[in-house]
Every structure is written in structure tokens, then in C-alpha cells.
1. Apply the Karplus curve 6.51 cos²θ - 1.76 cosθ + 1.60, θ = phi - 60°, to the phi angles in the stretch 278-290 and return the couplings in whole Hz, x for Gly and Pro.
2. Tell me, what HN-Hα J-couplings in whole Hz come from the Karplus equation 6.51 cos²θ - 1.76 cosθ + 1.60 at θ = phi - 60° for each residue of the stretch 144-152, using x for Gly and Pro?
3. For the chain, count the residues as N, evaluate 2.2 N^0.38 Å, and divide the Cα radius of gyration by that value, please.
4. Once both axes come from the Cα atoms, what is the angle between helix 429-439 and the longest principal axis of the chain, in degrees from 0 to 90, rounded to 10?
5. Mind giving me the FRET efficiency for residue 212 and residue 268? R0 is 56 Å, r the Cβ-Cβ distance, nearest 0.05 is fine.
6. Starting from the alpha-carbon convex hull of the stretch 1-131, give the projected area averaged over all orientations, in nm².
7. Using a 1.4 Å probe, how large is the accessible area of residue 28, given in Å² and rounded to the nearest 10?
8. Of the heavy-atom accessible surface of the stretch 106-214 (probe 1.4 angstrom), what whole percent is carbon and sulfur?
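The values are calculated or read from the model by the stated rules, or taken from the named source; none is laboratory data. What you are looking at is a predicted structure, and each value in this text was computed from that prediction instead of being measured. Here the Cβ is made from the backbone with ideal geometry for all residues, glycine too, and neighbour counts use every protein chain on show. Please note that ligands, DNA and RNA were not included when accessible areas were found on the heavy atoms of the full protein model with its side chains. Shrake-Rupley method; radii C 1.70, N 1.55, O 1.52, S 1.80 Å.
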Amino acid sequence: MKYSLRSKLSFSYAVMALLLVALISFCVNVLLQNQFQNYIIKERNQTNAEIVTLVAKQYNASDGSWNKSVIENTGVNALEQGIIMKVKDEKGNTIWDATVHNNGLCVQMLSHMSDNMLSHYPNFKGGYEQTNYPVTVNFKEVGHVEMGYYGPYYFTDNDIAFLNNINQILIAVGILSLVMALLLGAFMAKRISRPLSKSVRAASEIAKGNFKQRISEKSDTREIMQLTDNINHLADSLEKQEGLRKQMSADVAHELRTPLANLQSSLEAMIDGVWEPSAQRLESCHEEIIRINRLVGDLEKLERFEAENATLTISEFDISELIQRILNNFENEFYKKRIQLHFSGKSEQIKADKDKISQVIINLVSNALKYTPEGGHVEVEVNETEHSIEIIVKDSGRGIPTEDIPFIFERFYRADKSRNRLTGGSGLGLTITKAIVESHKGKITVLSELDKGTVFTVSLPKPNE
């Protein structure tokens, strides 16, 4: 059976309170009883000493007589305190004996003490004990006092009542603590579980495809706020991905519909005899077919590069030499647009698929050429860092809007919606570029400002990394 977080928290608080009270009660009982036992023993020894002192005062040193009436009163008082007293002179003659005075009371008292102790401590092992104290007057032993009692210690009715009151107080504190723990547990559980419950409901809605669902609940618990923020961020990402998916479907349909429509209308016109099947019209049809083939080819490339088991033909080569050779091939096109092209960087060896890295460089340089206006400039650099080789392509083009930067590597995404088929390409160049870089365990980043230009940075691991 599964229980709610609120139930588990409330139960945890209750269990914690019970354990805490039980621990405190145990410690209090152990410490209190030890201290109380020591106190009882100390009081008994002090009482015995006082009785001996009082008995010594009843001896008349001039004639060697004893004040028996006072000794008897002392013995009766001691008997009431649970002490069986017997006084003898120096010759061993009994002066006063509590068992002779009232033997039945002595037996009854000892039995009552035993019952009291066993009722409170069932495993208590005690019995009658006797201690002999000398009576000294003027530095001369004139007799002795025998003190009999239930030992090693015993509790009177008042002592038992006191200990019972302590236990009752602890039980009351335990019940009060349990109630307080349940109330506090319910309050805290509600406070913690409420945003979590909303997070669960929101996650369920997101799982059903409702990507507009958001969590507005605020919490002062850091982990809960992180959870709600992450769920909201996930919903944002999924909503954007869903929009991109729909946009991609529309873009694919558009990219295919336009050349297919042109082909269909041209072929129908020629079939119906409206147009002559001239070389120019057939060439136009051929260009549209080439465009469709290029689009399909780019999609196939992308699928192949993004596959986890993409095959790479790894070799070691000089990246600066490869870039210089590619830039030489672009030199005429840059010259026609009067764009300055500059390369800097020393010779750096990398291990990678040379053909695929060539595709990355071609795509980035081609983009820089395409979107840099006449009279602008493009710079390509090769830098070495501690763990990677960086290829940097900078241009002085119109830049990319900040809100579009996170999506420029998506399929068919165009930051400038006005750019379409007239710009050339299939809209998959940067997507393919990113897939190739990541297949080499590298990364590609972009920085851009409107009207200032764009910087693409490709980081590839060093050969020994």
C-alpha cells in the first residue's frame, strides 16, 4: 500500500516525538533513580549517626547508668522511620531492643517495605541488613547500637508516591508531545506537500501534452522551488519544442510543396500543349528536382550524423592546413562580394573525421559569406586551450536576435523569417554542423549582436584527451 507524503510526514513526526519522549523518560528514570537511591542511602546513614549521637548523650559517665526512657523514645521514633534499633552496654547487656518492645510491628514493617520495593521494582533483590555502631563517651566505648533496616535501600510510601508522580508527569508530557507532534506534522506536511501536489498535477498535465501548464505556487523551501522551477522550465522547453516540431512539419511541407507545385504546373502545361517542352523549361524542372534531391539528401545526412552509432573515419591531420585549403576555394566568392577574409592560427593536429570536419567548416564559412553584406569582413581563427582545439568563425553581418539564438541549430529554423528559398540551402546546415561536432564529442557555441556580427566557436578535443 502506498501512502501520501502528508501521511508519512505526520507519522514520522509522531514516531520521532514518541521516541524522543521515551528516550527522555528512560534517561530521567535512570538518572533520577540513581540519584534518589544515593540520596536515600545518604539520609539513612545520617539518621543512623544522629541516633547514635542521641543515644551517647543518654549515658551518665559518673555512675555508668543509661537514661532508658529517652532511649526508648528514640527507638520508637527510629522504628517509625523504618529502623530497628537495639542498644547494648559495654558488657553486652541489652538496654533497649525494638524487637522486644514490639516484635510484631518490626516484622510487619519489614514485610511492608519488601512489598513496596517489589511492587515498584519486581526484580529488586533486597533484605534485612544490620550495622553495628560503637557508642563513645569521653573517648571511651561505653556500648554499641545495632541498626537493622531493609537494604541496601528502601522507599517509603511517600517516596513511592513521589516516583509515581514523576512517571505520571512524563506520561502526560509524552501525550502532550505526541499531540503537538501530530499537529506540527500535519501543518508541515500540508505546507510541504501542497506545492508538491501541484507539481505532480502539473507534471501529469504536461505528460498529457498540455505544455502550457505552469506552477505558480511559491515555497520558501529551496529544493521545492528548484523542483517547480525545473518543471516550469521543462514545460517551456517542451512547448517550444512542440512549436518547433509543428514549424518543422510546416517547413518540410513548404520546402517540398513549392518545387513539386512548380514541377506539376510546368509538366501539366507541357502535357496539355500550353507550353512547348523547350530546353529552358526542362532545365527549370531539372533544377527543382535537384533541389528536392538536395533537401532529401540533407535530411538523410542529418539522420546519419545524429545517430548514436554514426560511423566516423578517424585520422590525424592539421586543422589549420585543412581550413586554409577550404578558404582558398571560397576566395573568389568573397572577392565578388568585396568581403575581406582573414585566417590566423598556428599548425594544430587533431584526430577526427576529416571529411565531416570539412563539412563543418564549409557550412560555417558559407553562412558567414551568405549573411555578411558587401564590404564586410570574415575572420577564421584556430586557438589551442588546455583540453581542446577551437575553430572560431567571426563575421560582421547583421547578427542574430537574442531570442532566436537558442533555436538556430533546430531543423529548418531561420532567425530571419523573410529568408526563404531565395537565400539558398535547405535550412539544415547548422543542424548538420552541430550533429557532426557532437559526434566528435565536441561542442559548438554562438555569440551574436544585432548589426555587429556573429561568432561561431567549435571546440574539438585534443588528440590525447
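1. 6, 4, 5, 5, 5, 5, 5, 4, 5, 4, 5, 5, 4
2. Once θ is set to phi - 60°, the couplings for the stretch 144-152 become 8, 10, 9, 10, x, 7, 7, x, x Hz.
3. Working: Rg = 50.4 Å, N = 465, 2.2 N^0.38 = 22.7 Å.
The reported ratio for this selection is 2.22.
4. 50
5. 0.80
6. Numbers: hull surface 48.6 nm².
Projected area, direction-averaged: 12.1 nm².
7. 50
8. Roughly 61 percent, rounded to a whole number.
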